[in-house]
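The values are calculated or read from the model by the stated rules, or taken from the named source; none is laboratory data. If you're wondering where the values come from, they're calculated on a predicted model, not measured in any experiment. Glycine gets a Cβ as well: all are built from the backbone with ideal geometry, and neighbour counts include every protein chain shown. To get the accessible areas, we keep the full protein, side chains included, count just its heavy atoms, and leave off ligands, DNA and RNA. Shrake-Rupley method; radii C 1.70, N 1.55, O 1.52, S 1.80 Å.
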Amino acid sequence: MIRMKFPKRYVIVLLTFICTNVCYIERVGFSIAYTVAADAIGVNQANKGMILSMFYYGYVLSQIPGGWAAQRIGGRRVLLLSFVLWSLICGLIPLDPNRVTILVLSRLFVGVAQGFIFPAIHTVLAQWVPPQERSRSVSLTTSGMYLGAACGMLFFPSLVKHMGPQSVFFVEAVLGVAWSLIWLKFSSEPPRIDLPKVSMPKVASRDTIKAQAGGVVAPRTVKIPWRRIIFSLPVWAIVVNNFTFHYALYVLMNWLPTYFELGLQLSLQDMGSSKMVPYFNMFIFSNIGGVVADHLITRRILSVTRTRKLLNTIGFVVSAFALMALPLFSTPSGTIMCSAISLGFLALGRAGFAVNHMDVAPKFAGIVMGVSNTAGTLAGIVGVGLTGNILEGAKASNKDLTSSETWKTVFFVPAYLCIFSSVIFLVFSTGEKVFE
């Protein structure tokens, strides 16, 4: 590793990409395994929604503490501890829908453990990645989520069919432990000599180089400007869009398998590789958004502010129309196409709001990420649980859950939120540094 021919920061970005990949393999894997196990004993939709949403209750509790912990003890250590904790839980807890208390507590603690991960990642990337590489680096890292979801959708249904739902937990635990060992061996704190050279009119000191090159995390003794962060309109623009992004993502991630089986009368096992297309599309579009954003900024075609607003608006508005169109199709191909377009353009929009943490608060990126991801996690609690209650209410009203008409509300709510959030970001966001 010492004699490698490319900068160490590329290794860090690659490892964080694998990190998010494994995290979403776990999330999708639980959704698939639990759905099969719950359906086998006749668990109703509201109770399924409750169990599926428990992860997000834990997740929301550790977002801001995750940013604080990464700021104080370092993102590298926080990532390692988080991975070890949730991997152990997955390896030790039985997947039995009848043991509700154990399932609730296990999903709660897995959520708490994983809640530290993304604030820590943003702290690590803010330390390692210079401004001119941020869009594509963050996009590559977060695209691991979607590739992980695609892999989970592709492999886990067959694994569950042949080896049972519990086998998913074992695979997830092994992946988590494997990543932890790799991270422990190859990651490190960012030495200044690894920072890339950047053109600047006058170099005053090594600290100036560090600040302009990207090593801009605040010293751990610096007071965090909580009041300014909480009352900042650009931060709220990020928060609102993070909420909407995750509302749409979590609803589709947790309920699309149920829609396939009830609304389309099609099991995941029978869908083959087509079921992974929406998430693979997110992987592709996320990286396209990052490359386009960095190109527009480095070539000075658009300012940072206009670049963020352009990609965010295109992503969220196109996604909204695709969500509205989704229940109009009664065929698997039409549903796959609409969900792929919706999730793909949502991922494109991450080159807007999701990188904006580092624009407005490079020294406190982990903190701002923790704040905004708290909103994103609340979206999981609200969206996943609300969808279960919507469907259970429809069933109580004698509506047919096999009819796509019954599912319109499920998909129209995130569509309207996408349009609203894109307007908020257009009006209040900025690509300029707000917090020194």
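Equivalent ellipsoid semi-axes for the chain, as square roots of 5 times the alpha carbon gyration tensor eigenvalues: give them largest first, rounded to whole Å.
Each semi-axis is the square root of five times an eigenvalue, giving 36, 24, 19 Å.
What is the dipole size for the chain, taken about its Cα centre, with +1 at each Lys and Arg Cβ and -1 at each Asp and Glu Cβ, in debye to the nearest 20?
1800
Provide the solvent-accessible area of H295, counting protein heavy atoms only and rolling a 1.4 Å probe, rounded to the nearest 10 Å².
H295 has an accessible surface of roughly 80 Å² with all protein chains in place.
Could you work out how far helix 304-325 tilts from the main Cα principal axis of the chain, as a 0 to 90 degree angle to the nearest 10?
That works out to roughly 0 degrees.
Mind scanning K48/K395; K223/K309; K223/K433; K8/K363; K185/K363 and naming the pairs with a C-alpha gap bigger than 19 Å? Before the final figure, lay out the partial values.
Values: K48/K395 14 Å; K223/K309 30 Å; K223/K433 17 Å; K8/K363 21 Å; K185/K363 26 Å.
Violating the 19 Å limit, Cα to Cα: K223/K309; K8/K363; K185/K363.
Within the range 49-117, list the trypsin sites (Lys or Arg not before Pro) lying in a DSSP loop whose Cβ has at most 13 other Cβ atoms in a 10 Å radius.
R99
Would you work out which of S188, L264, G29 lies farthest towards the positive end of the dipole of the chain? Charges go on Cβ: Lys and Arg +1, Asp and Glu -1.
S188
For the chain, build the charge dipole from Cβ charges (+1 Lys, Arg; -1 Asp, Glu) around the Cα centre, then report which of I121, A149, L343 sits farthest towards its positive end.
Checked the options; the winner is I121.
Using a 1.4 Å probe on the protein heavy atoms, what percent of the accessible area of the chain belongs to carbon and sulfur?
On the way: 11540 of 17390 Å².
For the chain, the apolar C and S fraction of the accessible surface comes to 66 percent.
Can you list the HN-Hα couplings for the range 131-139, worked out from phi with the Karplus curve (6.51, -1.76, 1.60; θ = phi - 60°), rounded to whole Hz and with x for Gly and Pro?
In residue order, the calculated couplings are x, 6, 10, 5, 4, 6, 5, 5, 5 Hz.
Tell me, what is the per residue accessible area of the range 1-188 in Å², probe radius 1.4 Å?
With the other protein chains kept in place, the range 1-188 gives 37 Å² per residue.
Using unit Cβ charges (K, R positive; D, E negative) and no other charged atoms, how large, in debye to the nearest 20, is the dipole of the range 1-188 about its Cα centre?
Using only the charged Cβ atoms, the result is roughly 720 debye.
Under a point spin-label approximation (7 Å from Cα along Cα-to-Cβ), what is the L233-S267 distance to one decimal in nm?
For the pair L233/S267, the computed spacing is 5.5 nm.
Take the Cα of T331, step 7 Å along the line toward its Cβ, and report every residue of the range 389-412 whose backbone nitrogen sits under 18 Å from that point.
Only 404-405 pass the distance filter.
Taking a probe of 1.4 Å, how large is the accessible area per residue of the range 226-435, in Å²? Numbers along the way, then the final one.
Working: 7650 Å² over 210 residues.
With all protein chains present, the range 226-435 gives 36 Å² per residue.
Taking the chain as the reference, fit the longest principal axis to its C-alpha atoms, fit the long axis of helix 8-40 to the helix C-alpha atoms, and give the angle between the two in degrees, 0 to 90, nearest 10.
10
Please report, in debye to the nearest 20, how large the charge dipole of the range 226-435 is about its Cα centre when each Lys and Arg carries +1 at its beta carbon and each Asp and Glu carries -1 there.
The calculated dipole for the range 226-435 is roughly 840 debye.
Put a dot 7 Å past each Cα toward the Cβ at R77 and L92; how far apart are the dots in nm?
Using points 7 Å along Cα→Cβ, the separation is 2.2 nm.
So if I take the centroid of the Cα atoms in the range 327-347 and the same for the range 389-436, what is the distance between those two points in Å?
After rounding, the separation between the Cα centres reads 15 Å.
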